[in-house]
Amino acid sequence: MPKSTPPQRPRVADGRSPLWRAHNFFRSVGLVYAIVWFGMQLPHYARPALAALELVIMIGWTAFTVWRFRHREGRTNALVLADQVLISALFLGNELIMTEEQMNALIPSVTTMWQPSMVTLAAVQWGWLGGGVSGAVSALINFLIRDSVEPLMFQDAVLLIGCGLLFGLAADTARRSTERLSQALRAEAATAERERLARSIHDSVLQVLARVRNRGVEMGGEAAELARLAGEQEIALRSLVAAGPPDHDPGGEIDLVARLQVLRTGKVQVSVPATEVRLPEQVGSDVLSIVREAVENVDRHAGPDARAWVLLEELPNEIVISVRDDGPGIAEGRLDEAAAEGRMGVAQSIRGRVDHLGGTISLDTTPGEGTEWEIRLPHPNTPPGRAASGRTRTAAKRMFTRRTAPAAQGTADPQPDPSPGSEPTAPEDRRADPAPRGGGEG
């Protein structure tokens, strides 16, 4: 039976390939020019044998590098660096080959038009910065071996550095285009594979779960519990299939809305904005881990019938995430006991990440009335030095007052006075809240 091979990732042609071909052509033409000029100047060199040796090295190196650079695997940083060193050494060797009269008359060196190909090579491989540096090094060597300053030499310096910068900018643009095309093809392949799996899941797993749920409800008793679990898994699986693949863009950002929607189950409701909330990839992953840990705490500590609500808000200066549950709440000192027992879910997974992101976390809990965590993170797109709006901070003080993040060490804050113009909230009003405050313990 033949073995099945895993799907191959789409391979994208290097967008810099035309530039590599242009470099190889330029180096080959420069070598031909150097050979012709060598034949014309051979009788006038101070050391013709050394000049011939240098020309042989140039011919061999050109043949080797043109062959290597024809293939993507041969375009390594080590080979490009070796090229820079070798050509610079050959260029400096003209100090021993050419006579003083040839130097003063600005007669082309043995390497002549072949030498600038090191600049185009560095630019194609390392971008505008590598090309500019290589051009500057070439110009400096030219000044050193000539030991004079002439207007023509300054023109050569400008051409060398300018060529490196222009080739480098073109290479950088081609590289970015290749990366974007590669990302688009990977996303297309992932979407196609996800659609295939979604069809398979819909035709098999989801139908089985739906049948188990219906039959369990009809039978009642212990089967009703199995029906409830099957229903929750059916909802979770449908949410996962509908969420689509994680979205990445060339800037390294992800959509937090799409990531949080995957957490939706029969017992967990997720409310998110209608538009994308884009965060840097590492920040978004940390936020998702924080919310996931809080939701898992609800499942572990709030009881099998507890429900949870996740709310995401994007403010001009902040990202606000609330996680509520309708469980029994957290007793005073329970977080300290959990930390003492080595259960560091709140202390490390939640609070540690929030502190690392430069945010704040608030806890509002009352025994028998559920818990709520509120995480407030500075918006990554907020200009430096811009403070959060006073309205948002006032709302936070009114909503989360009993206990803040330091409650993990067992501290408690007194109940504040109602804000001016607001009505005190009665216990009955809080119990009637359709989305009880949530969180769970560490």
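The values are calculated or read from the model by the stated rules, or taken from the named source; none is laboratory data. Treat the numbers as computed from the prediction; the structure is a model and nothing was measured. In this analysis, Cβ positions are derived from the backbone assuming ideal geometry, glycine residues included, and neighbour counts consider all displayed protein chains. For the accessible areas, the whole protein counts, side chains as well, though only heavy atoms, and no ligand, DNA or RNA atoms are used. Shrake-Rupley method; radii C 1.70, N 1.55, O 1.52, S 1.80 Å.
Of note:
- Test: ALA192 is more than 19 Å from the chain's Cα centre (by Cα), part of a helix (DSSP H, G or I) and either closer than 30 Å to LEU96 by Cα or touching a residue at least 60 places away in the same chain (Cβ under 8 Å) (or both): no
- Scanning the stretch 296-316 for residues that are open to solvent by 20 Å² or more (accessible area, probe 1.4 Å) and within 26 Å of the chain's Cα centre (by Cα) yields LEU311, GLU313, GLU314, LEU315, PRO316.
- Members of the stretch 66-92 found to be in contact with a Leu (Cβ under 7 Å, 6 or more places away or on another chain) and within 30 Å of MET40 (Cα to Cα), listed by number: ASP83
- Within the stretch 104-132, the set of residues being under 28 Å from ARG47 (Cβ atoms), hydrophobic (A, V, I, L, M, F, W, C), open to solvent by less than 10 Å² (accessible area, probe 1.4 Å) and assigned to a helix (DSSP H, G or I) comprises TRP114, MET118, VAL119, LEU121.
- Any chance LEU160 is within 18 Å of GLN84 (Cα to Cα), touching a Pro at 6+ places or on another chain (Cβ under 7 Å) and at pLDDT 85 or above: yes
- From the list ILE59, ILE87, the lone residue that is free of Cβ contacts under 8 Å to residues at least 40 places away in the same chain, open to solvent by less than 40 Å² (accessible area, probe 1.4 Å) and either acidic (Asp, Glu) or assigned to a helix (DSSP H, G or I) (or both) is ILE87.
- Filter pass, ARG68 being surrounded by 15 or more Cβ atoms within 10 Å (Cβ to Cβ), in contact (Cβ under 8 Å) with a residue 24 or more places away in the chain and within 21 Å of LEU19 (Cβ to Cβ): no
- Subset of the stretch 145-172 [open to solvent by 70 Å² or more (accessible area, probe 1.4 Å) and part of a helix (DSSP H, G or I)]: PRO151, LEU152, PHE154, GLN155, VAL158, LEU159, LEU166, LEU169
- Set side by side, the residues LEU50, LEU96 differ, and just one is open to solvent by 80 Å² or more (accessible area, probe 1.4 Å) and farther than 27 Å from GLY132 by Cα, which is LEU96.
- Applying the criterion of being aliphatic (A, V, I, L, M) and in a strand (DSSP E or B) to the residues of the stretch 262-290, the residue that is surrounded by the fewest Cβ atoms within 10 Å (Cβ to Cβ) is VAL270.
- Looking only at the stretch 2-43, and only at residues there that are open to solvent by 70 Å² or more (accessible area, probe 1.4 Å) and basic (Lys, Arg), the one that is modelled with the highest pLDDT: ARG21
- Scanning the stretch 173-183 for residues that are loosely packed, with under 14 Cβ neighbours inside 10 Å and either acidic (Asp, Glu) or at pLDDT below 80 (or both) returns a single hit, GLU179.
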